[in-house]
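The values are calculated or read from the model by the stated rules, or taken from the named source; none is laboratory data. Computed from a predicted model, the values in this text were never measured in an experiment. Every residue, glycine among them, receives a Cβ derived from its backbone with ideal geometry; neighbour counts consider all protein chains shown.
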Amino acid sequence: MAPPLRIGISQCLLGDNVRYDGGHKRDAFLIETLGRHVEWVPVCPEVELGLGTLREPMRLAGDPHAPRLITITSGTDHTEAMARFSQRRVRELEALNLSGYVFKADSPSCGVVQVPIFNSQGMETHDGVGLFAQAFMAHFPLIPVEDESRLHDPQAVQSFLERALAYRQSRNNI
C-alpha cells in the first residue's frame, strides 16, 4: 500500500493556536475526513517568521501586483521579511516531497485567491494573493493548491486528491 499523500497546510486549520489573536481556525472536515487520507505538514509563515501569537493583525496594502504586508494599527511593514522567509521556507519544503497544499482563505500570508488588498485611499479590493502562498506557488508551479473554503465541496476534494496523487506519481516517474 502506498504511503499517504504528504500535503502542506496552514497550521491554524489543524487547530493550533497560531493566529494573531492567539486562536485557530480548526477545520474539522480537513482534520477528521481528509486527514485520514493524507499526512499533514503544518506551516504558519507569520509564527515561523518570528512574529509569534498575540501579534498585531496584518493586511495587504498598495499595488495588487506588488502588495505590502502591513500591520493594521502601527503600519509596520513586514513585506521584505516575509519575502526572505518565504524563499527560505519553500526551499526547505522541497525536501519533504509535498504533493499538494491547503492554504487558509483570505489570509494576507496564505490566501490563494481573492485576498483583500487596501489601496492608498483605504478602499478594499479582492485581487490579492497571500505573500507566502504566492512564493510557494511560484516555486512549485505544478503542485495542486486549494484554500480550505473550497474543500468542503465533495467534487473539489476529489479533484484535489486526484491532482495531488497524479503530481506524486509524475514526480516519482522522473
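If you check Phe132, Phe85, which single one turns out to be in contact with a Ser or Thr (Cβ under 9 Å, 6 or more places away or on another chain), closer than 16 Å to Pro42 by Cα and of a type outside the set (A, V, I, L, M)?
Of Phe132, Phe85, the one residue that is in contact with a Ser or Thr (Cβ under 9 Å, 6 or more places away or on another chain), closer than 16 Å to Pro42 by Cα and of a type outside the set (A, V, I, L, M) is Phe132.
Could you tell me how many of the residues in region 89-104 are buried (at least 22 other Cβ atoms within 10 Å of the Cβ) and either in contact with a Pro (Cβ under 9 Å, 6 or more places away or on another chain) or on the phi > 0 side of the Ramachandran plot (or both)?
Residues flagged as buried (at least 22 other Cβ atoms within 10 Å of the Cβ) and either in contact with a Pro (Cβ under 9 Å, 6 or more places away or on another chain) or on the phi > 0 side of the Ramachandran plot (or both) within region 89-104 amount to 3.
For region 15-31, enumerate the residues that are more than 17 Å from Phe160 (Cβ to Cβ) and part of a helix (DSSP H, G or I).
Of everything in region 15-31, just one residue is more than 17 Å from Phe160 (Cβ to Cβ) and part of a helix (DSSP H, G or I), namely Ala28.
Look at Val41 and say whether it is in contact with a Ser or Thr (Cβ under 9 Å, 6 or more places away or on another chain), under 18 Å from Cys12 (Cα atoms), outside any loop (DSSP other than H, G, I, E, B) and among the β-branched types (Val, Ile, Thr).
Answer is no for this residue.
State whether one or more residues within region 127-147 are surrounded by 14 or more Cβ atoms within 10 Å (Cβ to Cβ) and farther than 25 Å from Leu14 by Cβ.
Yes, region 127-147 contains at least one residue that is surrounded by 14 or more Cβ atoms within 10 Å (Cβ to Cβ) and farther than 25 Å from Leu14 by Cβ.
Quick one: which of Gly130, Gly122, Gly111 is in contact with a strand residue (DSSP E or B) (Cβ under 8 Å, 6 or more places away or on another chain) and over 20 Å from Ala28 (Cα atoms)?
Every option except Gly130 fails the conditions.
Could you identify the single residue in Ser120, Ser159, Ser86, Ser107 that is surrounded by 14 or more Cβ atoms within 10 Å (Cβ to Cβ) and either touching a residue at least 60 places away in the same chain (Cβ under 8 Å) or not in a helix (DSSP H, G or I) (or both)?
Testing whether each residue is surrounded by 14 or more Cβ atoms within 10 Å (Cβ to Cβ) and either touching a residue at least 60 places away in the same chain (Cβ under 8 Å) or not in a helix (DSSP H, G or I) (or both) leaves just Ser107.
Just need a number here: residues in region 7-17 that are surrounded by fewer than 23 Cβ atoms within 10 Å (Cβ to Cβ) and either at pLDDT below 95 or out of contact with any Phe, Trp or Tyr (no Cβ under 8 Å at 6 or more places or on another chain) (or both).
Looking only at that region, the number is 3.
Residues Pro57, Pro3: which one is loosely packed, with under 14 Cβ neighbours inside 10 Å and modelled with pLDDT under 95?
Pro3
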